[in-house]
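The values are calculated or read from the model by the stated rules, or taken from the named source; none is laboratory data. Predicted, not measured: the structure shown is a model, and the values here were computed from it. Note that each Cβ is placed from the backbone with ideal geometry, even for glycine, and that neighbours are counted across all protein chains shown. Remember, those area values only see protein heavy atoms, side chains included, never the ligands or the DNA or RNA. Shrake-Rupley method; radii C 1.70, N 1.55, O 1.52, S 1.80 Å.
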Amino acid sequence: MPTTRPTHYKALLLGSSGSGKTELGHLLSGRPRDVDDQEQTNGVRCYRCRRRAPQDVELALTEVGGNADMQRLWPHYYASTHALIYCFNLAAGYAELQASFELLQRCLRHEALRGKAVLLVATRLSEGVQLYDVEHAFGLEALARSCGCPLHLCHLAEIADATDVWRGMDWLQRQLLQQSTTLLQRIKYDVNMQSWQQRSRAILSSGKLAQVRRQRFRRQHRKVGSCLLLFWYSQLYLMSHGLCSTALAADMAEESVMGVRLSRKGDVIFGWDVGLVPECITGVEKCGKNELWFLVRWKGCQTLEAVPAEIMNKKYPAVVIAFYEKHVRLL
Ligand SMILES: Nc1nc2c(ncn2[C@@H]2O[C@H](COP(=O)(O)OP(=O)(O)OP(=O)(O)O)[C@@H](O)[C@H]2O)c(=O)[nH]1
Ligand SMILES: [Mg+2]
């Protein structure tokens, strides 16, 4: 399947409150900040980065406010972003800087941000404090490496002189272009996973899980079942990529899920495990180097499930052949 290189990218603009995100957003977009507009960001502000040369990358920036309440919203934006721009106040004291980098650490360790490029922007002037010292004192390079994130540090000492920040933006653009193909796949996947998880959480909170557990998953609950399957599957996907939380790993040790026995920890439950029959394959995605995944529609279910092609080929060859026959073009 041909992969198209994206021309539009999104970067999240994060950092603790007062770290200079709004200031930076205005600077990068070329829209001067109104003198009356010095309020905290209580929500989200969007900017379009004005400089496109030399890489010709169109970059949309999303600032999410940095106060404690807003920080809780940050993870909702991770899956769909291509990169992170993180601001910190270089003139702040040691304790404040430490808190800021702990916050950064929590961001980078989130599975949806792992591996994505990070531009660290130090704002304000601080006599005698060099970026190099901060980088070493707080182990920033090691932190980024441990999360697989390419990292670049730059300094916005004065709003009037943003040369170093633009250098940083050039670096970011190059990273986006280098990662473009894998980023495209990854974001599609992560966004799908996120929406499945949200759906399954909605089911859990509406109390349907208890109902399903009590009734040991009967066929009339296929819809709920498939959503939960997707939830479990998505969690297992994260697990298989080493991205799973310990709490989840503990959950997986349960002997049964919705009445379906797990023969060993780490088993993946797919639709056929609970008696579903594939209706058709609606799409195919390449994941990693050479791995193909089919999006399978099950009879009686609206939700699609991602299943490795390797398994589908063996288990339901006729469904796979039907999919290929439908899409093949005879020359
Ligand atoms: N001198 C100087 N002032 C700055 C700089 N960055 C930000 N400020 C000032 O610091 C204050 C807070 O900056 P903002 O950009 O609003 O901070 P923010 O990160 O958007 O904060 P929240 O929206 O609360 O999360 C503003 O009054 C800015 O003018 C800088 O690099 N130099
Ligand atoms: Mg702001």
Original post:
Under 17 Å Cα-Cα from LYS188, which aspartates and glutamates qualify once same-chain neighbours fewer than 8 residues away are excluded?
Top reply: GLU111, GLU285, GLU291, GLU305
Subject >> 16 Å cut-off, amide nitrogen to a point 7 angstrom out along GLN40 Cα→Cβ, residues in region 68-91 >> reply: 68-74
Subject >> Mean accessible surface per residue for region 8-185, computed with a 1.4 Å probe while every protein chain stays in place, in Å² >> reply: 46 Å²
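Can you bin region 134-201 into rounded, prolate or oblate? Criterion: square roots of the alpha carbon gyration tensor eigenvalues sorted a ≥ b ≥ c, rounded for a/c under 1.5, prolate for a/b above b/c, oblate for the rest. Before the final figure, lay out each step's value.
Values: a/c = 2.30, a/b = 1.81, b/c = 1.27.
The shape class here is prolate.
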**OP:** Return the distance in nm (one decimal) between the two label points of a simple spin-label model at SER146 and LEU131, each offset 7 Å from Cα along Cα→Cβ.
**Re:** 2.3 nm
Subject >> Packing-based order for 15-25, 153-163, using average beta carbon neighbours within 10 Å, highest first >> reply: 15-25, 153-163
Original post:
How far apart, in nm, are the 7 Å Cα→Cβ label points at ASP273 and LYS286?
Top reply: 2.9 nm
Original post:
In the structure displayed, which of LYS116/LYS314; LYS116/LYS286; LYS116/LYS315 lie more than 24 Å apart, Cα to Cα?
Top reply: LYS116/LYS314; LYS116/LYS315
**OP:** For every other residue with a beta carbon closer than 13 angstrom to the beta carbon of SER126, add +1 if it is Lys or Arg and -1 if Asp or Glu, then tell me the sum.
**Re:** -3
